[in-house]
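Structure first, commentary second.
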Amino acid sequence: MTPEPADDLADDFRADAASVIAGARALARGELTQPSEAALVVIRREVGRLASVEPRVLGQALDALLVAPEAVAALRLLEAWGVVRALLPEVQAMVRLHADADHKDLWAHTLQVVARAAPDPDLRWIALCHDVGKPATRATDEGGRVTFLRHEALGARLVRGIGARLELPARRIERIAFVVEHHARTNQFDPEWTDRALRRLVRDAGPYLRDMLAFSAVDWTSKRPGEAARIRKNLALIESRLASLTADHLKWSPPTGLGAALADALERLPGPWLGELMRALAAAVDDGRLEPDATLAELIAFAAQVPAQNV
């Protein structure tokens, strides 16, 4: 198929500023020829027209771009045209951040992670924004090492701003921001982690555990085969161990006679408090403070430390 001329891209932009996103996608797919420099001058000069577009329209257009096969090529075009700077200044700040430093190219890394992520709009937003906190937190320590302390927490704050600006649904904003803030947890997994540490991860991640693991699987750009193999091996191991822990937890049930033993040990008559205490014990098993195979004596000792007002 012969590409259509893109000379009218500037006119389309004047009539409907959001069309520039679709135009970048069409150009990335090879459906348009390269626009003339005159057309690009118009877009760069009048990029402020994007301020007149309904936020939800922009959000929907960016969602569609991020899950498309041509996402990375289209993002490069939009960055070159000034559209990323106008719509996502937090993302633009990553471009050429390390151009003169002995550190990986943050923008190139981000685009590679976007390409690897599953074509789910939220996962692609996570990939695009997971390092947006790095530009502001970049520092050099006494040894000359570049650091980005607490960039994850700052990144989550910035992501919430992006989501609000584009009027994304609150549940989506929270999903994206949570993984951005906590993505290092699963990235830092070590085979030496205890079951208790893994249970704590399950507790803290809540409904976003699968998203965190899915992101960890794509958040690497090492060219060293050994490093890539190590990451894949660790991810397979954490998946296996989490599956085992989940099965252990689902099989957990109070030992026979625990209720009567608790009432006797705590010198209280059976009542609603006992059910609350049982739930507290189950939560303790869930978050790793108690092992699933804890003995009756260990359960009673733990229960004795639960504040009375909680049960």
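The values are calculated or read from the model by the stated rules, or taken from the named source; none is laboratory data. Given the structure is predicted, the values throughout are model-derived calculations rather than measurements. A quick note on method: Cβ atoms are made from the backbone with ideal geometry, for glycine too, and the neighbour counts reach across all protein chains shown.
Annotations
- Where helices (runs of 4 or more DSSP H) sit wholly within region 251-311, those with at least 1 residues that are within 24 Å of residue 199 (Cβ to Cβ) and in contact (Cβ under 8 Å) with a residue 60 or more places away in the chain occupy 272-286.
- Failed condition for residue 142, given (1) assigned to a helix (DSSP H, G or I); (2) surrounded by fewer than 21 Cβ atoms within 10 Å (Cβ to Cβ): (1)
- Just so you know, in region 258-303 the residues that are among the small types (Gly, Ala, Ser) and out of contact with any helix residue (DSSP H, G or I) (no Cβ under 7 Å at 6 or more places or on another chain) include one that is nearest to residue 202 (Cα to Cα), and it is 283.
- Residues in region 167-194 that are surrounded by 13 or more Cβ atoms within 10 Å (Cβ to Cβ) and polar (S, T, N, Q) were compared, and the one that is modelled with the lowest pLDDT is 187.
- Considering the conditions (1) out of contact with any strand residue (DSSP E or B) (no Cβ under 9 Å at 6 or more places or on another chain); (2) modelled with pLDDT under 95; (3) within 28 Å of residue 148 (Cβ to Cβ), residue 37 is excluded by exactly one of them, (3).
- Residue that is basic (Lys, Arg) and touching a residue at least 60 places away in the same chain (Cβ under 8 Å), where the choices are 49, 45, 56: 56
- Residue within region 207-229 that is at pLDDT below 85, part of a helix (DSSP H, G or I), over 30 Å from residue 302 (Cβ atoms) and of a type in the set (A, V, I, L, M) present: yes
- Within region 184-211, being in contact (Cβ under 8 Å) with a residue 24 or more places away in the chain, within 18 Å of residue 171 (Cα to Cα) and acidic (Asp, Glu) holds for one residue alone: 211.
- The requirement of being surrounded by 13 or more Cβ atoms within 10 Å (Cβ to Cβ), within 18 Å of residue 112 (Cα to Cα), out of contact with any His (no Cβ under 8 Å at 6 or more places or on another chain) and without any contact (Cβ under 8 Å) to a residue 40 or more places away in the chain is not satisfied by residue 214.
- The listed residue being crowded, with 21+ Cβ neighbours inside 10 Å, touching a Leu at 6+ places or on another chain (Cβ under 9 Å) and outside any loop (DSSP other than H, G, I, E, B), out of 127, 86: 127
- Only one of the numbered conditions (1) surrounded by fewer than 17 Cβ atoms within 10 Å (Cβ to Cβ); (2) assigned by TED's automatic domain parsing to the domain that holds residue 217; (3) over 30 Å from residue 209 (Cβ atoms) is violated by residue 98, and that is (1).
- Pairs where the first residue, in region 80-97, is at positive phi and the second is assigned to a loop (DSSP other than H, G, I, E, B) and surrounded by fewer than 18 Cβ atoms within 10 Å (Cβ to Cβ), C-beta under 9 Å, 6+ apart: 96/105
- Tally of residues being among the aliphatic types (A, V, I, L, M), out of contact with any helix residue (DSSP H, G or I) (no Cβ under 7 Å at 6 or more places or on another chain) and under 23 Å from residue 68 (Cα atoms) across region 23-50: 1
- Some residue of region 70-84 being modelled with pLDDT of 95 or more, within 15 Å of residue 163 (Cα to Cα) and not hydrophobic (A, V, I, L, M, F, W, C): no
- The number of residues in region 145-158 that are in contact (Cβ under 8 Å) with a residue 40 or more places away in the chain and either surrounded by 14 or more Cβ atoms within 10 Å (Cβ to Cβ) or part of a helix (DSSP H, G or I) (or both) comes to 1.
- Among the residues of region 184-200, those identified as in a helix (DSSP H, G or I) and not aliphatic (A, V, I, L, M) are 185, 186, 187, 195, 196, 199, 200.
- Which listed residue is under 20 Å from residue 32 (Cβ atoms), touching a Lys or Arg at 6+ places or on another chain (Cβ under 7 Å) and surrounded by fewer than 19 Cβ atoms within 10 Å (Cβ to Cβ), from 80, 74, 64, 68: 68
- Residue within region 36-58 that is surrounded by 14 or more Cβ atoms within 10 Å (Cβ to Cβ), outside any loop (DSSP other than H, G, I, E, B), assigned by TED's automatic domain parsing to the domain that holds residue 81 and of a type in the set (Ser, Thr, Tyr) present: no
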